[in-house]
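Below is one structure, written out as structure tokens, with a few remarks after it.
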Amino acid sequence: MDAVVRKQQGISVLYYAGRVLLIALPMLALTYAIFSDALAPTLPSLPLTFTILPFVIWMALRFGQREVIALNALVCIIAVWHTIAGRGPFASAPLGTSLLLLLAFLGTVVSTGLVLSTVVGERGRAFEALAQALKTLKEEAIRDPLTNLYNRRFLRDYLPRELLRAAREGIRVAVIMIDLDRFKRVNDTAVHTAGDLVLTEIATLLKRHIRGTDIACRYGGEEFTLVLPNATPQSARSRAEAICSAIREEDVQLMGVTASLGVAIFPDHAAEPESLLRAADKALYDAKGRGRNQVRIFARATAKVSSLRSKTAKRAHA
């Protein structure tokens, strides 16, 4: 793997060097031809000095400041060398005028290259900062600020796409709804920061118990949702039981909070995102009704409890 990376890096360096030379060689050749009087028999040298500026501008727009400085230095060395030797467009003028013309040429080349390079660099950094800010903003829009889990907005966007993919590939997707039992008691008997601590601990626990392909969301309040792509009913139940047991084992750290979990499987229990969430929610109600602190799989025969979200608060604080 390292050898492949090094090879790719080497190819990138060669490609970049080739691009630099594509501009540098014609620019240096033109500078040499102008100041060595190679073109003097056929073309006037003084107007030709202006043809170097497009190369300077091109270099400044395409490459970094280091390359621009190096190339400008080479151009200036060629111009000064030949002018001192009595050749080039400025040599025919009196010494004072020749030096002023040379100084003006060098100043124009250097200032044009450096100013444009600086402007382009600042613009590039501004674009990078904007891209990073947009990335951060997007991430904040889909993350719960307390637990750093995904939020309901992300779930509503992600789940339909995941079910479409699962239907196309012929695989199952499990949804696990998790509600913390007697969580209200924590906030009633302790400060609200204690409740926040419990929620963050639960989030950390969930991250430990899911795969890289799974999604953990804070659905709202003390309720969480897991999406497990390519999961069987058996593996989903096993995962839910492990989470329920892990929460139960951290009784002291979680201040006596346990969890009730409901599991629903696509396409066995529902084929639409909202229907799948409702099925998992009904299974969660079933777990609450059977005494809390347990896992229930959705079963139509037992799904008699309404899934209206207005009743969720009663269940959550029970």
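For the Cα atoms of the chain, what angle does the longest principal axis make with the long axis of helix 233-249, in degrees from 0 to 90, nearest 10?
Value to nearest ten degrees: 80.
Highest mean first, what order results for 13-20, 258-265 on Cβ atoms within 10 Å?
Per-residue mean Cβ counts within 10 Å order the peptides as 258-265, 13-20.
Run the accessible area of the chain with a 1.4 Å probe and give the carbon-and-sulfur part as a rounded percent.
63 percent
Could you give each residue of region 78-84 its phi-based ³J(HN,Hα) in whole Hz, using Karplus coefficients 6.51, -1.76, 1.60 with θ = phi - 60°, and x for Gly or Pro?
Values, residue by residue: 4, 5, 5, 4, 6, 5, 4 Hz.
Could you please put 58, 81 in sequence from largest to smallest accessible area, using a 1.4 Å probe?
The ordering from most to least exposed comes out as 81, 58.
Going toward the positive end of the dipole of region 1-129, with +1 on Lys and Arg Cβ and -1 on Asp and Glu Cβ, which of 80, 69, 18 do you reach last?
Projecting each Cα onto the dipole axis, the largest value belongs to 18.
Scan around residue 150 for amide H atoms under 5 Å from its own, H built in the peptide plane at 1.01 Å from N, and keep only partners 5 or more places away or cross-chain.
Here the answer is 144, 216, 218, since their amide H atoms fall under 5 Å of that of residue 150.
For region 108-194, what is the convex hull volume of the alpha-carbon atoms per residue, in Å³?
So the per-residue Cα hull volume is 161 Å³.
What do you get for Rg/Rh of the chain when both radii come from the Cα atoms and Rh is the Kirkwood radius?
1.37
Anything over 29 Å Cα to Cα? Flag those among 138/184; 184/207; 135/184; 138/282; 207/282, in the order listed.
138/184; 135/184; 138/282
What are the ³J(HN,Hα) couplings of region 213-224, residue after residue, when phi is run through the Karplus curve with 6.51, -1.76, 1.60 and θ = phi - 60°? Round to Hz, x for glycine and proline.
Couplings: 8, 7, 10, 10, 10, 8, 6, x, x, 9, 10, 10 Hz.
As a test of reading the structure, rank 152, 208 by solvent-accessible area (1.4 Å probe, protein chains only), most first.
If we order 152, 208 from most to least accessible, we get 208, 152.
Provide, for q = 0.19 Å⁻¹, the log10 of I(q)/I(0) from a solvent-free Debye sum over equal Cα point scatterers in region 1-159.
-1.11
Helix-derived [θ] at 222 nm for the chain: sum -39500 (n - 2.57) over DSSP H runs of at least 4, divide by residue count, nearest 500?
Only helices count here, giving -21000 deg cm²/dmol.
The values are calculated or read from the model by the stated rules, or taken from the named source; none is laboratory data. Predicted model, so just to flag it, every value in this text is computed and none were measured. No Cβ is skipped: glycine too gets one built from the backbone with ideal geometry, and neighbour counts run over all protein chains shown. Surface areas here come from the heavy atoms of the whole protein model, side chains and all, with no ligands, DNA or RNA. Shrake-Rupley method; radii C 1.70, N 1.55, O 1.52, S 1.80 Å.
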